[in-house]
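Take a look at the structure below.
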Amino acid sequence: MNAHSILLCSLGTAALAMAADETVVTPTLESVGLFKNGLTVVRASFPVNGPGHYRWDKVPRVVHGSFWVESDGLVSVQSTTRNIVDSEAGDAPSGLLQSDLAGNEVSVTLKASGTAQPVVLTGKVWELPPRPATRTWDADYSSLNANSGSSYYWYRGSMTSAAPTQPAQPSTGGFLVLEEAAGTRRYIDQASIASITVTGPFAAPRHREERPVLIFDVREAPAKGAVVRVTYLMKGLAWMPAYQVDLTDPAKLKIRQNAVVRNESVKLADTEIQLISGYPNVRFGSVDSPLWPGTGLAAFFQQLSQSDAPGGGSNRITGQMIASNSISMSNPAGTSSLPEAAELGNASDDIHYESIGKRSLKAGDSLAVDVAAAQAAYERVVEWVVPDPRDGTGRYLRDNGNEQARDDLPWDAVRFVNPFKFPMTTASAVVMEAGRFRGQSLSQWVNPGQRTCLRITKALSVRTDSSEVEEEGKREIVWIGGHDYQRTSVKGRLSAKNFRGKELTMVISLRFSGELLEAEGNPEKSLNTEGIASVNPRRQLDWTLKLPAGGEQSLNYRYQVLVRR
């Protein structure tokens, strides 16, 4: 059997006959895959008993190009409208007799004057037909013309009014209308009615309105008992991860991953929930599919144009932190150096799915659940990151004429290797020790087997100092790209003193722009990626040293840098 997959992006304007061949279905949500930015991968299915029209009384708001149907038969889908009747027992009456009693067999007793016998009329209360919803389309796409000279794409607010607008509630103008024998209707002035008795089984008040629906036209005779599956992207569900790191054991830390799932979309009934982390390319994540009746062509082209505009591709790569993932290298702050291949450890998928089982959540519900727990050997260190003081032209960074304040104090931190069999995603990380709160940090993306470092608190018991001076000598002038630069030699010094009563391990990372001449202590050398567009390469030196109680150590280094004149 061949599986036919049809990409659907049509609005469906011709009405399908409202005949009895339309079978109402409610697709079962088999699974939802949640990204951290609210984007959701939905897989749903419903059974079919051969060819025919199957109606889903809902049109999900899906991402453009993401709605796909899979079936053993050939299936096309039409987005249209139908007059849907809601009937729920126990609905409170509205006070409108024609609507509250519609479809009921009644006996109406009229008011009598004097000693005259009251008149009783019988019949079925006429059901008012609904008025069709109206749509306002705007076919003026001139503002979307990329050749119009406009640097941005705008459209009039009326273009968003393509969604149906509900008409005023129809009424019979103060009359109660009964359907009598021979197809006649009797209009009774409601002011003349003394009482009304429902003579048959009472039918609860019904509300009829025109709603958007999806009609699945199943052809080519799929096998009896076959299933139609639907996959699409939508928004409205998200998950927020968090980690707890317990340092009570001096040899091994305990780490737990927790997830909070928030549902602001559809009701989930025994649906598998999958937590997704990674960097998926979602090119049209901000563009609504034309299959959804809430958008018009003008609005669709507007969203499409903005997604193509410079800087408009914010959804091309799904932002994940706690809304976007960051890859953890040797340092958790700022831009870090690229990891060595050996440090990456075990290979992992670039997008990771973690199932938390089948769950039931109503719209508006939240769920907190433990995902995983593990142990890992760790090392307590003091991390000191000295930031690069120069911009892309080699000049010292300044703020309103003053030296830019630098947050280069050392941090008490913990280093360990990701013990999970899956990547640690970007998330909040709380550090505990002996039942006491120590700090909260940001854990970045860490592959299985890759080392990471979490900051705990500022190491105020360690004094640090960094300084740089220009060496005396001739300043060579260099021309690059039509600009002149002076080549300058810089001499720097790093010093740290331990005021603690015990030895500590100190990790020092120095970032600078230019070419390294020499450095004491045999540091690890790396090239940072953010310097690719700079006239000076961005470099990093990393030292790991033991600092005894009360001990002090200094490190000297030299480099050359091009400074734009």
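The values are calculated or read from the model by the stated rules, or taken from the named source; none is laboratory data. All values reported here derive from a predicted model rather than from experimental measurement. When we count neighbours, we look across all protein chains shown, and the Cβ atoms used for this are built from the backbone with ideal geometry, even at glycine.
Within the stretch 52-70, identify whether any single residue is among the polar types (S, T, N, Q) and in a strand (DSSP E or B), and answer yes or no. No, every residue in the stretch 52-70 fails to be among the polar types (S, T, N, Q) and in a strand (DSSP E or B). The strands (runs of 3 or more DSSP E) found wholly in the stretch 469-565 and carrying at least 1 residues that are β-branched (Val, Ile, Thr) occupy 476-480, 483-498, 504-513, 538-547, 552-564. For the stretch 17-49, the tally of residues that are in a loop (DSSP other than H, G, I, E, B), surrounded by 16 or more Cβ atoms within 10 Å (Cβ to Cβ) and either of a type outside the set (A, V, I, L, M, F, W, C) or at pLDDT 95 or above (or both) stands at 4. Residues of the stretch 451-463 that are assigned to a strand (DSSP E or B), of a type outside the set (Ser, Thr, Tyr) and buried (at least 17 other Cβ atoms within 10 Å of the Cβ): ARG451, CYS453, LEU454, ARG455, ILE456, VAL462. Within the stretch 409-439, the set of residues being more than 15 Å from ALA376 (Cβ to Cβ), out of contact with any strand residue (DSSP E or B) (no Cβ under 7 Å at 6 or more places or on another chain) and among the basic types (Lys, Arg) comprises ARG436 only.
May I ask you to say which residue of LEU547, LEU510 is over 43 Å from the mean Cα position of the chain (by Cα) and assigned by TED's automatic domain parsing to the domain that holds PRO410?
Numbers: LEU510 fails: over 43 Å from the mean Cα position of the chain (by Cα).
When all the criteria are applied, what remains is LEU547.
Pull out all pairs, ordered by first then second residue, where Cβ-Cβ is under 7 Å, the residues are six or more apart or on different chains, the first lies in the stretch 469-498 and is assigned by TED's automatic domain parsing to the domain that holds GLN553, and the second is exposed (fewer than 10 other Cβ atoms within 10 Å of the Cβ) and not in a strand (DSSP E or B). Partner pairs satisfying both residue conditions: SER489/GLY473.
Condition test on PRO448, is it of a type outside the set (A, V, I, L, M), at pLDDT below 95 and either buried (at least 23 other Cβ atoms within 10 Å of the Cβ) or not in a strand (DSSP E or B) (or both)? It is true that PRO448 is of a type outside the set (A, V, I, L, M), at pLDDT below 95 and either buried (at least 23 other Cβ atoms within 10 Å of the Cβ) or not in a strand (DSSP E or B) (or both). In the set (1) under 30 Å from VAL563 (Cβ atoms); (2) surrounded by fewer than 14 Cβ atoms within 10 Å (Cβ to Cβ), the condition left unmet by PRO389 is number (2).
Of the strands (runs of 3 or more DSSP E) lying entirely inside the stretch 172-272, those containing at least 1 residues that are at pLDDT below 90 and not assigned by TED's automatic domain parsing to the domain that holds HIS352 are 206-219, 226-235.
Scanning the stretch 374-396 finds one or more residues that are without any contact (Cβ under 8 Å) to a residue 60 or more places away in the chain and either among the hydroxyl-bearing types (Ser, Thr, Tyr) or not in a loop (DSSP other than H, G, I, E, B) (or both).
Among the residues of the stretch 119-128, is there at least one that is assigned to a helix (DSSP H, G or I) and at pLDDT 90 or above?
no
Conditions tested, residue by residue: (1) in contact with a strand residue (DSSP E or B) (Cβ under 7 Å, 6 or more places away or on another chain); (2) under 23 Å from VAL62 (Cβ atoms); (3) crowded, with 22+ Cβ neighbours inside 10 Å.
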site: ALA242; (1), (2), (3): yes, no, no
site: LEU247; (1), (2), (3): yes, no, no
site: PRO250; (1), (2), (3): no, no, no
site: ILE255; (1), (2), (3): yes, no, yes
site: VAL260; (1), (2), (3): yes, no, no
site: ALA269; (1), (2), (3): yes, yes, no
site: GLU272; (1), (2), (3): yes, yes, no
site: ASP288; (1), (2), (3): no, yes, no
